[in-house]
Every structure is written in C-alpha cells, then in structure tokens.
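K.L.:
Okay, handing you the structure first.
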Amino acid sequence: MSAAVAAPFPAPEPPSKLEKKPVKFSNLLLGAGLNMFEVTTLGQPLEVVKTTMAANRGDGFTTALGRIWQRGGVFGFYQGLIPWAWIEASTKGAVLLFVASEAEYYARSFGANDFGSGVFGGVTGGVAQAYATMGFCTCMKTVEITKHKVASTGAKAPGTWATFMDIYRREGIRGINKGVNAVAIRQMTNWGSRFGLSRLAEQGIRNVTGKGEKDKLSVVEKITASALGGGLTAWNQPIEVIRVEMQSKKDDPNRPKKMTVGNTFRYIYQTNGLKGLYRGVTPRIGLGVWQTVCMVAMGDMAKTYVEKLTGDTVTAKH
C-alpha cells in the first residue's frame, strides 16, 4: 500500500515592506489653506484674548475684551495677524508634515507600533515647528499685542516691521526668537497629548455607539473627538503663560533680567500663584475647538477643491 503523501506546509508570507509616506504638494496646500482660514476668522481674535489675559494676569475675560477694544476697536482683535500669524499659519503645517513623516517612518523601522510612532512623529514635528517658524512668529505676535502705545505721548507708534528691525538691531536673532524653548515645549506636549487624547475620545465614542475599529466616524463624531482632544490639551497652559511672559514687552522692573523657562515660572507663581499660570485657558480651549471645526468639518470641502485645483489625490488626514 502506498504511503500517503503529506501536503506541504504553506510558505510563510514575507513581512510587509515598510514604506515611507510621500509628502504631497496637495497635502501642504490643504494644510496651509485650512490654517490660513482658521487664523483669519476666529483664530487670531481668540489668540489675542488668550495672550492679553496671559500677559495681564489680573484681567478677567471681560476686562481683557475691554482692554483690546480700547487698543484698536475691532482691529485690536487682529493685531499680529499680518504678517506674523499668516507666516506661521502657511508654513507650520508643511514643517509638521515633513518632519513628522520622517520621524514616524524611522520610529516604525525600529519596531514602534502605529500609536507610538504617531505620537513620536507628532512630538518631533511639533518641536521642529517651534524652532523653524513658530518661535519668531509667536514672539512678534506677542510683541504686537503687548507693546505699549506711544501714540498717547504724541509720538507716532512704530509699525510692524519697524518694531521687528528695532528688536533685531538691539538683540539680534535671539531677541526675535525669545521664548522659543517654551514654544517648543508647548508644541511637543500639544501634539503628543492631542494625538493621544483624540484617540482615546474616538475609542470612547466607538464604545458608546457600538462601532468597530474599521467603521468610519461621522463628521459630528470626528469633531467631538478632536475637540475633546484639543480642549483637554489646555492642561499645559502654564507653558503658554510662561511663553507669553518671556516674549511680552510690558514694563515690569520686577521681572528677571535674563528670562528662562524656570525663572519665569517662579516669577509668575510668586506674583500670581497657580491661578496666574492658567490665565487665558478659556479662550485657548475655544481656540482648540475652532481649529478642530476648521480642520474636520471644512476639511472634506477643502479636500475636494484642492484635488480639482492640483489634480493630485489628497492623502492628509484632518
């Protein structure tokens, strides 16, 4: 009797090749466009209120609104928009996408999972944003918002570029990048926690609605998850208050002469306590929610327009 021939074992499947995601022009255009819209609408007014409250920590929300209105009416809420907020909005997305994509690829090549590599990419991209473009942009926006009016003395108030060149002549590159280390800490913690908290919120929504991992969330559900992630990221508001204080041009002889993150923290805590470190957190939460609405709710419409304009498929998530 012939022996039964055993069926050969199936050959193991080769491991999937790790591919680097390309950074497309359409993705950069979409990110820049959405950021420009966000900052030009409600983004800059909320930024101005947040910065004013952080710089004048005795002000409540209503007092800050009155201070801004007295400074320039409606236009007071848009101080620092042109050119600094526009430069920041149009460039920070590109820096984030390039650096985060590279960092995520290398993290995955060393064995990190999707969540870990995503957080590492976001943290690295956030730090790169701070040192590449956001440092001097946030500094100049804060200078615009907090500099004292000299018009009351009869002298002509210096313009945006005159203020920039004056700081550059007196303090050089370090002067226009003042507070950049605090910006880097803020961006690093922003992107790391926003990514993680948004994912936790998404998981909670899936559990409540009974949706699986592969089921798509509705626009409202995506906005809710991202808004929770963006709003809860305001836990790091003390870093934002420190950043504003380091960049502020207000007169205070009691401030440290050479300000660092550490001695600025001590100065704020000693003069205003724990409450002072969280001054401006309400408009910051509002800012996080508005950014989410722009990126998520308007993302699909903008995505369709950009694809028609460039002929390229947009792959960026929003």
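K.L.:
Can you tell me how many residues in region 94-125 are open to solvent by 40 Å² or more (accessible area, probe 1.4 Å) and in a helix (DSSP H, G or I)?
P.N.:
13
K.L.:
Restricting the first residue to region 186-201 and requiring it to be aromatic (F, W, Y), which pairs with a second residue that is assigned to a helix (DSSP H, G or I) meet a Cβ separation below 7 Å and a spacing of at least six or different chains?
P.N.:
W191/G122; W191/V123; W191/G125; W191/G126; F195/G118; F195/V119; F195/G122
K.L.:
May I ask you to say which residue of L277, L309 is out of contact with any Ser or Thr (no Cβ under 7 Å at 6 or more places or on another chain) and at pLDDT below 90?
P.N.:
L309
K.L.:
Over 26 Å from E104 (Cα atoms), in a helix (DSSP H, G or I) and in contact with a Cys (Cβ under 8 Å, 6 or more places away or on another chain) - does that describe any residue in region 59-75?
P.N.:
For region 59-75, residues over 26 Å from E104 (Cα atoms), in a helix (DSSP H, G or I) and in contact with a Cys (Cβ under 8 Å, 6 or more places away or on another chain): absent.
K.L.:
Within region 288-296, does at least one residue satisfy the condition of being open to solvent by 30 Å² or more (accessible area, probe 1.4 Å) and either in contact with a strand residue (DSSP E or B) (Cβ under 6 Å, 6 or more places away or on another chain) or more than 24 Å from T41 (Cβ to Cβ) (or both)?
P.N.:
Looking for residues that are open to solvent by 30 Å² or more (accessible area, probe 1.4 Å) and either in contact with a strand residue (DSSP E or B) (Cβ under 6 Å, 6 or more places away or on another chain) or more than 24 Å from T41 (Cβ to Cβ) (or both), one finds none in region 288-296, hence no.
K.L.:
Could you grab me the full set of residues in region 83-93 that are of a type outside the set (F, W, Y) and either surrounded by 20 or more Cβ atoms within 10 Å (Cβ to Cβ) or not in a helix (DSSP H, G or I) (or both)?
P.N.:
Within region 83-93, A85, E88, A89, K92, G93 qualify.
K.L.:
Is there any pair linking a residue in region 163-175 that is under 18 Å from Y131 (Cβ atoms) to one that is open to solvent by less than 20 Å² (accessible area, probe 1.4 Å) and not in a helix (DSSP H, G or I), with Cβ under 9 Å and at least six apart or on different chains, and which?
P.N.:
none
K.L.:
Just need a number here: residues in region 240-284 that are within 25 Å of the chain's Cα centre (by Cα), open to solvent by less than 70 Å² (accessible area, probe 1.4 Å) and within 16 Å of T51 (Cβ to Cβ).
P.N.:
Residues in region 240-284 being within 25 Å of the chain's Cα centre (by Cα), open to solvent by less than 70 Å² (accessible area, probe 1.4 Å) and within 16 Å of T51 (Cβ to Cβ): 20 in total.
The values are calculated or read from the model by the stated rules, or taken from the named source; none is laboratory data. From a predicted model like this one, the values you see are computed outputs, not experimental measurements. Every residue, glycine among them, receives a Cβ derived from its backbone with ideal geometry; neighbour counts consider all protein chains shown. Surface areas here come from the heavy atoms of the whole protein model, side chains and all, with no ligands, DNA or RNA. Shrake-Rupley method; radii C 1.70, N 1.55, O 1.52, S 1.80 Å.
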